[in-house]
1. What lysines could a cross-link reach from K52, if we take a straight Cα to Cα line under 21 Å and drop same-chain neighbours fewer than 8 places away?
2. I'd like the GluC sites (Glu not before Pro) in the stretch 143-213 restricted to DSSP loop residues with at most 14 other Cβ atoms within 10 Å, sorted by number.
3. How far, in degrees from 0 to 90, does helix 103-113 lean away from the longest principal axis of the Cα atoms of the chain, to the nearest 10?
4. In degrees, nearest 10, range 0 to 90: what is the angle between the Cα axis of helix 175-190 and the longest Cα principal axis of the chain?
5. Report, for the chain, the % of DSSP beta bridges that are antiparallel, rounded to 5.
6. If you count only protein heavy atoms with a 1.4 Å probe, what accessible area per residue comes out for the stretch 123-246, rounded to a whole Å²?
7. Give me the percent of accessible area attributable to carbon and sulfur for the chain, probe 1.4 angstrom.
8. Viscosity 0.890 mPa s, temperature 25 °C: Stokes-Einstein D of the chain from its Kirkwood Cα radius, in µm² per second?
Amino acid sequence: MTLPPPPPTARPALRVRHFCKRYDDFLAVDGLDFDVTPGEILGLVGPNGAGKTTTLRSIVGVLPIQEGVVEVDGHDLVQDEVAAKRALAWVPEDPQPFETLTVAEHLEFTARLYRREDWHAEAERLLERFELVEKRDALGGELSRGMRQKLAFCNAWLSRPKVVLMDEPLSGLDPRGIRSAKQAIRELAAEGVAVILSSHLLELIEALAHRILILDRGRRVFLGTLAEARATLSPDANSSLEEIFLAATGERREASAEPEPEGGAWS
Ligand code: ATP
């Protein structure tokens, strides 16, 4: 059951309008529009190749914006790049820390980069929360996959962002790490941070997301709450997100030559 959306606010934390991305002649993302409000967790789902990672990597500035507008906390990502990026944090699918910096040095680097003051106590709490205390002096190149993920969480939290983007953030975590990361993500949103959570783990999206954005072949096929998805995309009022996902993306594949349905929450 997805959570009801947080109350609307005057300004979205993240605003994306007519975002398109081409790789040479291939249109990977085609005219994407969406907002994420402060305190909202938006679940981003879609089949392999739908354009999820391309969208996230463009918003965080790893890929250049070719077409469209991305605003972070009111700052245009192209016109006002530093201010926009200062408000953003990114947890990639397979984080690659600096091989020759220790865990503690990574946190110091992040604190300095984001001009945090009085960050030491918070860094300690994050190391405890994400079970990295014993690894504080380990080099980035010595960390396991799950530890690299946990360090990425610590860095993201320490930067005090307005918007956090996460691409399969739980892959590589052990069961205790998964539980603690889920709780940490909920708390982050409760503090007013806007979160995009991209994952193929639909139970995770169902448990955490206020709204869901379904992409398929670079296009938005649904944006709304799970209840709206059930009402619009599924004949069954008790459908799981998995059933809705299969219906939303399968129908498009089977009838890809036909126009999209009009009205409802389809777009
Ligand atoms: P997955 O669930 O498999 O991670 P995704 O939704 O994250 O998929 P993307 O990685 O964004 O999908 O890829 C979207 C499309 O863009 C795919 O068709 C992919 O082949 C293509 N693509 C991604 N990166 C490149 C690249 N560097 N050069 C050319 N095409 C690319």
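The values are calculated or read from the model by the stated rules, or taken from the named source; none is laboratory data. Here the structure is a predicted model, which is why all the values come from computation and not from measurement. Here the Cβ positions follow ideal geometry from the backbone for every residue, glycine too, while neighbour counts run over all protein chains shown. Heavy atoms of the whole protein, side chains included, go into the accessibility calculation; ligands, DNA and RNA do not. Shrake-Rupley method; radii C 1.70, N 1.55, O 1.52, S 1.80 Å.
1. Within the straight-line limit of under 21 Å, K52 reaches these lysines: K21, K85, K162, K182.
2. E191
3. So the helix axis and the longest Cα principal axis differ by about 70 degrees.
4. With both axes taken from Cα atoms, the answer is about 80 degrees.
5. Roughly 55 percent of the DSSP beta bridges within the chain come out antiparallel.
6. Accessible surface, normalised per residue, equals 42 Å².
7. Here it works out to 50 percent.
8. 128
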